[in-house]
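Novice: Before anything else, here's the structure in question.
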Amino acid sequence: MRTSIATVSLSGSLTEKLTAAARAGFDGVEIFENDLLAAVLTPEEVRARCADLGLTVDLYQPLRDIEAVPADLFARNLRRARHKFALMRRLGADTVLVCSSVDPSAVDDDALAAEQLRELADLADDFGIRVAYEALAWGRHVSTYDHAWRIVEAAAHPALGTCLDSFHILSRGSDPRGIEDIPGEKIFFLQLADAPLPAMDVLQWSRHHRCFPGQGGFDVAGLVRHVLRAGYTGPLSLEVFNDVVRQAQAGPAAVDARRSLLMLQEEVGAAEPPAPVVPTGFAFAELVTPDAQPLAGLLDALGFARTARHRSKPVDLWQQGEARILVNTGAAVRREGTRLAAVGLESPDPASAAARAEALLAPVLPRRRAPEDAPLDAVAATRRHGAVLL
């Protein structure tokens, strides 16, 4: 399946985010409006940059507080939407996300909401744009996906569909089985995020504590299965609001994000990476230190004995029974002190373990070997989805 990521999920400037997404292997992006407003590039230049990187612009978002409002306010909303649709044509985006209203002026009137969304879709259709209506978990009157779908169904416009967001659905405890009753062609977009299960205000939970699928407590895979059974054929897209991720480097975060989708696709049966190989134990832990003497004294006091020294590298092997610690002074930086550099796992099938790690975007580390060294590859540990180091 195609994969996409919202630019709000990564740190840095818009160009940095686009580059990171492309290098991680994503097929497309959701352009978050604030990222575009802050960009030094024009919409045409952003469109060209995405094309150069091999990225499609899958969604522009968000368009807020549109529906179920008094006529004079709705007229202003349509003028606002017209400007956004014109911008989207310049950007090359053909789908806009419309969030359910939180405007105090909005009324609890599904018929009015459907009528106004139909007018919005008419306008969007003139620009060749589709409207994906999403229920915010804290929406004023529409806060569940099934309610949003009823309004879309009542509006009955070909350019109007729904956007399903795993956070908004699962944070409210909604039953995702009803998704299978929505025609697949009316599910215009699918946004995915996991989250831990704390007790907090849902808005703060959403804006600061989402995480990539597989890192929280939601059954994201179960929801995706229902969406696929409904006939959805669009991208799996990540929309993750997380303070930690937004402070991390965009490149590694994008790789971590795409890895989460690879593992999600495996879980729902949409992809088949090499099968996991269960480690049989720990082979060693490697410590890097600028000064081996204090560490040697500590290991000796703990009952370890130095049993070997590497032929060509400043690495000593310390052992106590089956426990093995490598002490490496070759790559140390004094200001970093002593740190854990690697953990080696014993594997019954190292080649297959390495193949799976590579399929999940863990690169093979370059190694210099003496002729007598064992011809095994080391694989860089993944940050949150398991580690293999051989």
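Novice: Ordering Phe74, Phe127 from largest to smallest accessible area (1.4 angstrom probe), what's the sequence?
Specialist: Phe127, Phe74
Novice: A further question on this structure: At 222 nm, what value in deg cm²/dmol follows for the chain if DSSP H runs of at least 4 each add -39500 (n - 2.57) and the sum is divided by all its residues, to the nearest 500?
Specialist: Value at 222 nm, helices only, nearest 500: -11000 deg cm²/dmol.
Novice: Protein chains only, probe 1.4 Å: how do Met88, Met263 rank by accessible area, largest first?
Specialist: Met263, Met88
Novice: Which net charge results for the neighbourhood of Pro274, defined as the other residues with beta-carbon distances under 11 angstrom from its beta-carbon, given Lys and Arg at +1 and Asp and Glu at -1? All intermediate terms of the calculation are to be shown ahead of the outcome.
Specialist: Numbers: positive: Arg356; negative: Glu266, Glu272, Asp349, Glu358.
Around Pro274, the surrounding residues sum to -3.
Novice: Okay, next question. How far apart, in nanometres, would the label points at Arg306 and Thr233 be if each is projected 7 angstrom from Cα along the Cα-to-Cβ direction?
Specialist: Result for the modelled spin labels: 6.6 nm.
Novice: Right, next: Within region 287-350, list the GluC sites (Glu not before Pro) lying in a DSSP loop whose Cβ has at most 10 other Cβ atoms in a 10 Å radius.
Specialist: For GluC sites (Glu not before Pro) across region 287-350 that sit outside H, G, I, E and B with at most 10 neighbouring Cβ atoms in 10 Å, the list reads Glu322.
Novice: Please state the relative contact order of region 5-61 as a whole percent: Cα pairs under 8 Å, 6+ residues apart? Mind dumping the intermediate values first?
Specialist: Working: 72 pairs, mean separation 24.1, N = 57.
Rounded, it is 42 percent for region 5-61.
Novice: What residues qualify as long-range amide H neighbours of Glu67, i.e. H under 5 Å apart, gap of 5 or more or another chain, H built at 1.01 Å from N?
Specialist: Residues meeting the criterion, in which the H sits 1.01 Å from N, are Ser101.
Novice: Same structure, new question: Can you give the longest stretch of the chain with no exposed loop site, where a site means trypsin sites (Lys or Arg not before Pro) in a DSSP loop (not H, G, I, E or B) with at most 10 other C-beta atoms within 10 Å?
Specialist: It runs 1-310.
Novice: Okay, next question. Spin-label point model (7 Å from Cα, Cβ direction): what's the Ser352 to Phe282 distance in nm?
Specialist: 2.5
Novice: Can you give me the long-range amide H partners of Leu365? Hydrogens built in the peptide plane at 1.01 Å from N, cutoff under 5 Å, separation of 5 or more residues or another chain.
Specialist: Those qualifying (amide H under 5 Å, at least 5 residues apart or on another chain) are Ala378, Val379, Ala380.
Novice: Also, I was wondering about something else. What are the aspartates and glutamates whose alpha-carbon lies under 12 Å from the alpha-carbon of Lys17, with same-chain residues fewer than 8 places away excluded?
Specialist: Within reach: Glu30, Asp35.
Novice: In straight Cα distance, which lysines are under 28 Å from Lys186, not counting same-chain residues fewer than 8 positions off?
Specialist: Here the lysines satisfying the reach criterion relative to Lys186 are Lys84.
Novice: Between Leu365, Leu53, Leu91, which gets the highest mean-square fluctuation from a Gaussian network model of the chain, Cα cutoff 10 Å?
Specialist: Leu365
Novice: A further question on this structure: Which of the aspartates and glutamates could a cross-linker bridge to Lys313, judged by Cα under 19 Å and excluding same-chain residues fewer than eight apart?
Specialist: Lys313 reaches Glu286, Asp291, Glu372, Asp373, Asp377.
Novice: For the chain, what does the accessible surface come to per residue with a 1.4 Å probe? Please give it in Å².
Specialist: So the chain comes to 46 Å² accessible per residue, rounded to a whole number.
Novice: If ligands, DNA and RNA are left out, what is the accessible area of Tyr60 with a 1.4 Å probe, given in Å² to the nearest 10?
Specialist: Only protein atoms counted, so the area is about 10 Å².
The values are calculated or read from the model by the stated rules, or taken from the named source; none is laboratory data. Since the structure is predicted, the reported quantities are computational estimates derived from the model, not experimental observations. Here Cβ is always computed from backbone atoms with ideal geometry, including for glycine, and neighbour counts include all displayed protein chains. Heads up: the accessible areas ignore ligands, DNA and RNA and are worked out on the full protein's heavy atoms, side chains in. Shrake-Rupley method; radii C 1.70, N 1.55, O 1.52, S 1.80 Å.
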